[in-house]
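Only one structure is covered here, and it is reproduced in the block below.
The values are calculated or read from the model by the stated rules, or taken from the named source; none is laboratory data. This is a predicted model, so every value here is computed, not measured. Glycine also receives a Cβ, built like all others from the backbone with ideal geometry; neighbour counts cover every protein chain displayed. Areas reflect the complete protein model, heavy atoms only, side chains present, ligands, DNA and RNA absent. Shrake-Rupley method; radii C 1.70, N 1.55, O 1.52, S 1.80 Å.
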Amino acid sequence: METGSPYDDTGGAATEPATAPGTAGAVAPSGAGARTAAGTAAAPGAAAGAAPGTEAAAGTTGTAPAAGTAQGTAGTAPAGPGPEWTGLPPGLLRMRRLLLVVWLGLLTVAAGLVPGLVLGPPWAALAAPPLALLVWGWVMLERNWRSWRYTERADDLLISRGVLWRTTTVVPYGRMQLVEVTSGPVERHFGLASVQLHTAAAASDATVPGLDPAEAERLRDRLTELGEARSAGL
């Protein structure tokens, strides 16, 4: 018995051209038209293929390194200002140099004059060591005077001193037991006073020498007030 095939000449399925989805009823172009259409169709693909390259180029010259540079710049930003140090008045240097000249000057004269008169002029060379010590002390006293400084911080008093070996003393306000102002005869002659700080531990006691009397009293009152406030827990 003869049966009809779905793929014979009379069947619609065999003669119906295959079309892409979304292009129903369209006829495939032939010849130059097909080449033109193929070239047109390839253009989006080429553009799509160029997009990753463009993104790669953008990644090469993008702003990511600039962001890293900005972060590096922010990381090396200068820190805030440090504490403001206060030095000692020059009257302390004058007083110490005067004492140096008095003591070593007399020793130099005695070491050179007495042996020179008694034993002869060559023995006057004994004055050289005290004289050299006087010159060295004159220079070192200034360096030591410049090394002394102090600053009042939020919770403590900071005192720094020393030329060859620098020492920094931190005195917390809450540990101060006594703050007093002293001034000896020589200091009074030069118009100077010293502030002595006594704490719970004797090792942390400190002194700020050679201050003007008004500054010494101000510092004493200020430290006493801060010490009482810290002790009360305010």
All conditions in (1) touching a residue at least 60 places away in the same chain (Cβ under 8 Å); (2) part of a loop (DSSP other than H, G, I, E, B) are true of Y150 except (2)
Filtering segment 200-225 down to residues that are under 24 Å from R94 (Cα atoms), in a helix (DSSP H, G or I) and out of contact with any strand residue (DSSP E or B) (no Cβ under 7 Å at 6 or more places or on another chain) yields A214, E215, R218
If we ask which residues in segment 100-109 are within 45 Å of the chain's Cα centre (by Cα) and either among the small types (G, A, S) or open to solvent by 70 Å² or more (accessible area, probe 1.4 Å) (or both), their number turns out to be 1
If we ask which residues in segment 158-175 are under 22 Å from S147 (Cα atoms), touching a residue at least 40 places away in the same chain (Cβ under 8 Å) and of a type in the set (S, T, Y), their number turns out to be 1
Taking segment 115-149 and keeping only residues that are in contact with a Phe, Trp or Tyr (Cβ under 7 Å, 6 or more places away or on another chain) and closer than 25 Å to W85 by Cβ, one is left with R149
Per the filter on segment 223-234, residues open to solvent by 70 Å² or more (accessible area, probe 1.4 Å) and either within 15 Å of A193 (Cβ to Cβ) or of a type in the set (D, E) (or both) are E225, E228
In segment 195-222, anything surrounded by 14 or more Cβ atoms within 10 Å (Cβ to Cβ), among the small types (G, A, S) and over 19 Å from T168 (Cβ atoms) is listed as A216
The one condition P185 fails out of (1) closer than 14 Å to L88 by Cα; (2) open to solvent by 20 Å² or more (accessible area, probe 1.4 Å) is (1)
Residues of segment 110-121 being out of contact with any helix residue (DSSP H, G or I) (no Cβ under 8 Å at 6 or more places or on another chain) and either touching a residue at least 24 places away in the same chain (Cβ under 8 Å) or open to solvent by 70 Å² or more (accessible area, probe 1.4 Å) (or both), in sequence order, are V114, L117, V118, L119, P121
Residue set L197, L178; condition without any contact (Cβ under 8 Å) to a residue 60 or more places away in the chain, touching a His at 6+ places or on another chain (Cβ under 7 Å), assigned to a strand (DSSP E or B) and not polar (S, T, N, Q); output residue L178
| task | Considering every residue within segment 162-173, establish whether at least one is charged (D, E, K, R), assigned to a helix (DSSP H, G or I), open to solvent by 30 Å² or more (accessible area, probe 1.4 Å) and in contact with a helix residue (DSSP H, G or I) (Cβ under 9 Å, 6 or more places away or on another chain). | result | no
